[in-house]
Amino acid sequence: MLKDGMKTPCYVIDSSALRRNLSVLAGVMQRTGAHILLAQKAFSCYAFYPMIGEYLSGATASGLFEARLCHEEMPGRENHVFNPAFRPEDIDEIVGICDHIVFNSVRQLMLYGRKAKDAGCAVGLRINPEKSTQEGHEIYDPCAPGSRMGVTLSEFEKGLDAFPEMLELLDGLHFHTLCEQDSDALEVTLDVVVEKFGAYLRGMKWINFGGGHHITRDGYDIARLERCIMRMRDDFGLEVYLEPGEAIALNAGYLHTTVLEIQERDWGNIAILDTSAACHMPDVLEMPYRPPLAGSGEAGEKAHTYRLGGPTCLAGDVIGDYSFDEPLKEGDVLTFGDMAIYSMVKNNTFNGMPLPSIWIQDGEDIALWKEFSYADFKSRV
Ligand SMILES: *Cc1c(COP(=O)(O)O)cnc(C)c1O
């Protein structure tokens, strides 16, 4: 299970799984002419950027650092950026290395739009169609009441009254409203976007559908996605961009961890692992979700149930309750699945926890890509 020299906790990124996802996305691009970008905030493992750049149009960034990473590691591919509010001191460098910039307010558009255009950047504005299509996790819903994400139709039209020249600066509109959703939610959203902003879209060059499209998940309705793309191309003459993060590296990574101790409590059994939900998979607590674990079942499903927790001081640093055919023992290695996305990019060293090393698997070959040490903790305090 663990290759010689592999120490836990460690991530393993599976090149062939990544390639499978990329082929699915490249198929959508080929059939529709859409441009698909990697949202780097989900997966910034730049060892794979050359490969990702072979299949996709480029990448999108949340700010200067991710934009620089794309510029350096995926040279020659499209480099897009969106930020809720760009910093004045970053803007020159950003428009120098990006070819698309999307603003989150009319004010930022008017402040920096001309400069971006003069630097050869295509300029967009993020809109908020005010159409929620998800329930349950409001922190992932940019259409939730009180959202700071995107310009509503009323704000857009107020902006136009104040700055009639605004339209002439705009090459495209951007919306991002989905999270792990199928294309039926996209279709519903697109209807509202067209109803509210259709008149303005006619003068534009492109529309960006954002991320949250779970395209590489089993059962995702790709035909409906392609109809949504073709609608914007055929009816509005627009180029279409999509910028999924999750879909690119979905189920393409593992996290190996070792059982440090078994505790038999009055109420049940605990296994303390050398990985931490809070440090190495914070979305387990934030989203929250239950990561898949090889060879395990739901609590009570198999003979031996354990609560799996991390070695930090946080009482809630619990990954979940899992069951196994055989009792766990100290030194056992467990393997969590779907650990490529929103894992490494969110790692932290809370409690002085070590950062897991990162390995790359290609067929039978597994090689160490990055290793971290005390120096990384000390430099980040
Ligand atoms: C998060 C985000 C994405 C990627 O979302 P996924 O859910 O990982 O597909 C794309 N665009 C924007 C603006 C985002 O905030």
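The values are calculated or read from the model by the stated rules, or taken from the named source; none is laboratory data. Note that this is a predicted model, so its numbers are computed, not measured. Methodologically, a virtual Cβ is constructed for each residue, glycine included, from the backbone with ideal geometry; neighbour enumeration extends over all protein chains shown.
Only one entry of 153, 169, 186 meets the criterion of being among the hydrophobic types (A, V, I, L, M, F, W, C) and either within 13 Å of the ligand (Cβ to nearest atom) or at pLDDT below 95 (or both), and that entry is 186.
Among the residues of the stretch 182-200, which ones are surrounded by fewer than 16 Cβ atoms within 10 Å (Cβ to Cβ) and either on the phi > 0 side of the Ramachandran plot or part of a loop (DSSP other than H, G, I, E, B) (or both)? Correct list: empty. For the stretch 295-314, a residue qualifies if it is assigned to a loop (DSSP other than H, G, I, E, B) and either charged (D, E, K, R) or surrounded by 13 or more Cβ atoms within 10 Å (Cβ to Cβ) (or both), and the qualifying residues are 296, 299, 301, 302, 310, 311, 312, 314. Considering the stretch 221-239, the residues that are among the acidic types (Asp, Glu) and farther than 21 Å from residue 23 by Cβ include one that is surrounded by the fewest Cβ atoms within 10 Å (Cβ to Cβ), namely 234. Only residues that are over 15 Å from residue 241 (Cβ atoms), touching a residue at least 24 places away in the same chain (Cβ under 8 Å) and either in contact with a Ser or Thr (Cβ under 7 Å, 6 or more places away or on another chain) or away from the ligand (no atom under 16 Å from the Cβ) (or both) were counted across the stretch 28-53, and they come to 8. Considering the stretch 201-220, and only residues there that are buried (at least 23 other Cβ atoms within 10 Å of the Cβ) and outside any loop (DSSP other than H, G, I, E, B), the residue that is farthest from the ligand (Cβ to nearest atom) turns out to be 207. When residue 335 is tested against (1) closer than 20 Å to residue 355 by Cβ; (2) assigned to a strand (DSSP E or B); (3) hydroxyl-bearing (Ser, Thr, Tyr); (4) within 16 Å of the ligand (Cβ to nearest atom), only condition (4) is not met. Residue by residue through the stretch 266-294, note down the ones that are in a strand (DSSP E or B) and closer than 20 Å to residue 8 by Cβ. Of everything in the stretch 266-294, those that are in a strand (DSSP E or B) and closer than 20 Å to residue 8 by Cβ turn out to be 270, 271, 272, 273, 293. Among the numbered conditions (1) among the charged types (D, E, K, R); (2) under 27 Å from the mean Cα position of the chain (by Cα); (3) more than 16 Å from the ligand (Cβ to nearest atom), the only one that residue 243 does not meet is (3).
With respect to residue 193, is the statement that it is more than 24 Å from residue 18 (Cα to Cα), within 16 Å of the ligand (Cβ to nearest atom) and either modelled with pLDDT of 95 or more or touching a Leu at 6+ places or on another chain (Cβ under 7 Å) (or both) true? Answer is yes for this residue. Cβ-Cβ contacts under 7 Å between residues 6 or more apart (or on different chains), taken from a first residue in the stretch 73-95 that is among the hydrophobic types (A, V, I, L, M, F, W, C) to a second residue that is in a helix (DSSP H, G or I) and away from the ligand (no atom under 16 Å from the Cβ), are listed as 74/49; 74/53; 86/112; 91/112; 91/115; 95/115; 95/116. Within the stretch 84-95, does at least one residue satisfy the condition of being away from the ligand (no atom under 16 Å from the Cβ), of a type in the set (A, V, I, L, M, F, W, C) and over 18 Å from the mean Cα position of the chain (by Cα)? Within the stretch 84-95, one or more residues are away from the ligand (no atom under 16 Å from the Cβ), of a type in the set (A, V, I, L, M, F, W, C) and over 18 Å from the mean Cα position of the chain (by Cα). Residue 281 satisfies every condition listed in (1) over 16 Å from the mean Cα position of the chain (by Cα); (2) farther than 19 Å from residue 21 by Cα; (3) touching a residue at least 40 places away in the same chain (Cβ under 8 Å) except (1).
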